[in-house]
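A.B. asks: The structure's right below; bear with me while I get my questions together.
Derivation of every value follows stated rules applied to the coordinates shown; laboratory data play no part. Remember, predicted model here, so these are calculated numbers, not experimental data. Note that we place each Cβ from the backbone using ideal geometry, even for glycine, and neighbour counts take in every protein chain shown.
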Amino acid sequence: MIFGERLKQEREKKGWSQLALSEKIHVSRQSVSKWETGKNYPSIEIIIHLSDLFGVTIDEMLRSDKELKDKVIKDSKKLAYPKWKVFFESIFTIGVLMIVGKIIIMLLNHFGVTDISLEGLPKGTSFLPLILMLVGGIGADQLKNKYID
């Protein structure tokens, strides 16, 4: 039995509506609905609370659904280098913003709104946004699945 089916079965055994359950665990009724339909999964804290409410073990709640079990395991892991990942993502974002800025300036110049020259920039800066995006993207991608054991 998958988690959503189990949750609905346990809720109905207690005679509770989705709204009543949501109020007991301090979430929206829509969250309960999404869990029951398998569109989303609760956090481990909510699963613990649900197991207490229904009088079933956490093991019974988790092992019923492989996808939920995998999500809980992944959520419990900590990134090995979170600051470096943010650094690389920031570099990527700066590159994107530089390209967008150049495009906006080019469009404004094209339509005669402004006459901003990009000619006075230091040599090699025309590829700088692409280089930043490449370095940032590769760096962030390399770190996204590195977790502390």
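A.B. asks: For the pair Lys34 and Ile104, what calculated FRET efficiency results from E = 1/(1 + (r/R0)^6), where r is the Cβ-Cβ distance and R0 = 30 Å, to the nearest 0.05?
C.D. replies: 0.15
A.B. asks: Just tell me, in residue order, which DSSP H segments of the chain are both 20 angstrom or longer along the helix axis (alpha-carbon based) and at least 1.0 in mean Kyte-Doolittle hydropathy.
C.D. replies: Helices meeting the criterion: 82-110, 128-143.
A.B. asks: Run the numbers for Leu19 and His49: contour at 0.36 nm per residue of separation, minus the present Cα-Cα distance, in nm.
C.D. replies: Here the segment from Leu19 to His49 would lengthen by 9.2 nm.
A.B. asks: Where q = 0.10, 0.12, 0.14 Å⁻¹, what log10 of I(q)/I(0) comes from the Debye formula for segment 1-104, counting one point per Cα?
C.D. replies: -0.43, -0.54, -0.63
A.B. asks: Which longest uninterrupted range of the chain lacks any trypsin sites (Lys or Arg not before Pro) assigned by DSSP to a loop state (not H, G, I, E or B) and surrounded by at most 15 other Cβ atoms within 10 Å?
C.D. replies: With a cap of 15 other Cβ atoms within 10 Å, the longest stretch comes to 79-122.
A.B. asks: Straight-line reach from Lys78: which aspartates and glutamates fall under 12 Å, measuring Cα to Cα and dropping same-chain residues less than 8 apart?
C.D. replies: Straight-line reach from Lys78, under 12 Å: Asp149.
A.B. asks: Anything over 32 Å Cα to Cα? Flag those among Lys39/Lys144; Lys14/Lys69; Lys8/Lys83, in the order listed.
C.D. replies: Exceeds cut-off: Lys8/Lys83.
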